[in-house]
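Everything below concerns the one structure shown next.
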Amino acid sequence: MRGVTRRLMLLDTASLYFRAYFGVPDSVRAPDGTPVNAVRGLLDFIDRLVKDHRPDELVACMDADWRPQWRVDLIPSYKAHRVAVETETGPDEEVVPDTLSPQVPVIEDVLDALGIARVGVAGYEADDVIGTFTGRATSPVDIVTGDRDLYQLVDDERGVRVLYPLKGVGTLQLTDETWLREKYGVDGSGYADLALLRGDPSDGLPGVPGIGEKTAAKLLDAFGDLAGIMAAVDDPKSALTPSQRRRLDESRPYVALAPEVVRVAGDVPLPDVDTALPRTPRDPAALDALAARWGLGGSLQRLLTTLDG
């Protein structure tokens, strides 16, 4: 299972179990009738990923805080539309399907019993955990996510690529810098600036009015990066159109704050964990109990066989 060059695989776990939940029928249930489609679907995903890509290290990165306050303080609209309940004393709650929420603790327990490293850090999203692991990596990294925000981490020189699921995880879009340039006209480091300018309704980021994806790419090509674009706003000789100059000038408050929100953190205080892909379960007795309680059946057995292969 081990190759000459070690490879780290980082899972955007919530992104994957959401896909599993919506991709596997809720008729997949535990013996007591509780839906376990997300649990079994995620196990099937991990099995396929390990079979196809043979990582040496694997980390299931978690959202300890899906909407960090430090990001909200900078841009209050950040993920605001996803809030289900907000109180003066308690944290915001993300809108999650009723039959998915109870499956998340089961997923966590199964990963722990298997011995697959599971990392979430208070005050940070899974993206930030992924960004920090990636920045510290000394070997190639595969990031598995359905979130395009993580394209900003793509780096051919360091062997960092994003595996973006198109259909399950059997069909993955391998995102490297060549693909990014062909699709968006930017490399990995430029993607965050493009996303900031374009905006992202799914994250509550307004962007710069009138600056869509194609215009943002053209501006970045012309002026290099966000700082170069804003310097061009102040240069009357620059090639900005009058409307672009006006809109960018009016958006200075947003442009000043958005980079910290859009860019994934690279300084998360990660715990000391064993990231090696396990060959055998860390806690076989606990895993057997979970398998019986939740009816994990063939999904778990296939993964165990693959890990031992």
Residues satisfying the stated conditions in segment 218-236, i.e. part of a helix (DSSP H, G or I) and over 27 Å from the mean Cα position of the chain (by Cα) = Ala222, Phe223, Gly228, Ile229, Met230, Ala231, Ala232, Val233
task = Please work out which residue is surrounded by the fewest Cβ atoms within 10 Å (Cβ to Cβ), limiting yourself to segment 139-185 and to residues that are of a type in the set (Val, Ile, Thr) and modelled with pLDDT under 95.
result = Thr171
query = Would you say Asp73 is at pLDDT 95 or above and either basic (Lys, Arg) or closer than 29 Å to Pro140 by Cβ (or both)?
reply = no
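Between Arg263, Arg252, which is touching a residue at least 12 places away in the same chain (Cβ under 8 Å) and over 24 Å from the mean Cα position of the chain (by Cα)?
Numbers: Arg263 fails: over 24 Å from the mean Cα position of the chain (by Cα).
None of the other options fit; the residue is Arg252.
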remark   = Scanning segment 121-141 for residues that are within 19 Å of the chain's Cα centre (by Cα) and either hydroxyl-bearing (Ser, Thr, Tyr) or under 30 Å from Asp32 (Cα atoms) (or both) gives Tyr124, Thr132, Thr134
query = Is it fair to say Ala265 is closer than 30 Å to Val121 by Cβ, surrounded by fewer than 13 Cβ atoms within 10 Å (Cβ to Cβ) and out of contact with any Pro (no Cβ under 7 Å at 6 or more places or on another chain)?
reply = no
query = Just checking, which of Leu205, Leu219 is in the same structural domain as Ser251 (by TED's automatic domain parsing), under 22 Å from Lys79 (Cα atoms), touching a residue at least 12 places away in the same chain (Cβ under 8 Å) and not aromatic (Phe, Trp, Tyr)?
reply = Leu205
query = Quick check, is Asp52 over 26 Å from Pro271 (Cβ atoms) and not hydroxyl-bearing (Ser, Thr, Tyr)?
reply = yes
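The values are calculated or read from the model by the stated rules, or taken from the named source; none is laboratory data. What you see is a predicted model, and the numbers here were worked out from it, not measured in a lab. Every residue, glycine among them, receives a Cβ derived from its backbone with ideal geometry; neighbour counts consider all protein chains shown.
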